[in-house]
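Enquirer: Just passing along the structure, written as structure tokens.
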Amino acid sequence: MTPLLDDELRARLPSLYSQEGEADPVVHARFFLPGTRWTWWVTEGEARGDDFLFFGFVNGLEDEFGYFCLSELVSAKTQLGLHVERDMTFQSGKLTDVVPAPDV
């Protein structure tokens with residue numbers, strides 16, 4: 001299984017707050033929990049101690065921007081034992097181009 005955060009992604013992720021003023025930030029990765037609506041669209045991130053802190057848009061209980069840690073993603077799993085995966089086919093792009101519009 002591909003690691004959620006490899007050296008290539010770590011190297012190209014902008015540091016936290018670097019896209020803060022952007023109305024339409026670039027999304028660099030997509031993580032998802034199979035069989036659920038949980039999806040994490042990563043815009044920024046940086047090492048924090050022994051962990052890695054991401055910022056991005058999250059589809060979960062609510063649809064919102066927020067922070068999430070690599071350790072949280074690694075430990076999350078479904079009742080069937082499925083773990084968070086990284087979408088290896090995902091192509092970086094502007095948030096409005098890669099994140100589906102919410103159901104209204």
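The values are calculated or read from the model by the stated rules, or taken from the named source; none is laboratory data. Note that the structure is predicted; figures quoted are calculated from it, not measured. Neighbour counts run over all protein chains shown; Cβ positions are idealised from the backbone, glycine included. Surface areas here come from the heavy atoms of the whole protein model, side chains and all, with no ligands, DNA or RNA. Shrake-Rupley method; radii C 1.70, N 1.55, O 1.52, S 1.80 Å.
Enquirer: What part of the accessible area of the chain, given as a whole %, is carbon or sulfur when the probe is 1.4 angstrom?
Expert: So the carbon and sulfur contribution to the accessible surface is 53 percent.
Enquirer: Something else now. Provide the FRET efficiency to the nearest 0.05 for the E62-E8 pair, computing r from the beta carbons and using R0 = 41 Å.
Expert: Calculated transfer efficiency: 0.85.
Enquirer: If you don't mind, another one. How large is the dipole of the chain about the Cα centre if only Lys and Arg carry +1 and Asp and Glu carry -1, each at its Cβ, rounded to the nearest 20 debye?
Expert: The calculated dipole for the chain is roughly 280 debye.
Enquirer: May I pose another question? Would you kindly state how much longer the chain becomes between S15 and L80 on full extension, computed as 0.36 nm times their sequence separation minus their alpha carbon distance, in nm to one decimal?
Expert: Result for the pair: 20.0 nm of gain on full extension.
Enquirer: Report the convex hull volume per residue for the chain, counting only C-alpha atoms, in Å³.
Expert: Given the Cα convex hull of the chain, per-residue volume reads 113 Å³.
Enquirer: Now a separate question. Please report the relative contact order for the chain, taking Cα pairs under 8 Å with a sequence separation of at least 6, and give it as a percent rounded to a whole number.
Expert: It rounds to 28 percent for the chain.
Enquirer: Additional query: Once you've got the GNM for the chain with C-alpha springs shorter than 10 Å, pick whichever of F32, F54, F90 has the biggest mean-square fluctuation.
Expert: So, out of F32, F54, F90, the one fluctuating most is F90.
Enquirer: How large is the helix-only mean residue ellipticity at 222 nm for the chain, computed as the sum of -39500 (n - 2.57) over DSSP H runs with n ≥ 4, divided by its residue count, in deg cm²/dmol to the nearest 500?
Expert: Taken over the chain, the calculation gives -3000 deg cm²/dmol.
Enquirer: Enter the accessible area per residue of the chain (Å², integer; probe 1.4 Å; all protein chains in place).
Expert: Solvent-accessible surface per residue comes out at 62 Å².
Enquirer: So if I place +1 on the C-beta of Lys and Arg and -1 on the C-beta of Asp and Glu, and nothing else carries charge, what would the dipole magnitude of region 1-59 be about its Cα centre? I want it in debye, nearest 20.
Expert: 260 debye
Enquirer: Let me ask something additional. Once both labels are modelled 7 Å past Cα along the beta-carbon direction, what's the A23-V98 spacing in nm?
Expert: For A23 paired with V98, the spin-label model returns 2.1 nm.
Enquirer: Continuing with the same structure: So if each residue of separation counts as 0.36 nm, and I subtract the Cα-Cα distance between C69 and T89, what length gain in nm does that give?
Expert: Working it through step by step, the gained length comes to 5.0 nm.
Enquirer: Tell me which of F54, F90, Q19 sits at the most positive position along the dipole axis of the chain, charges placed on C-beta atoms (Lys, Arg +1; Asp, Glu -1).
Expert: Farthest along the dipole direction, towards plus: F90.
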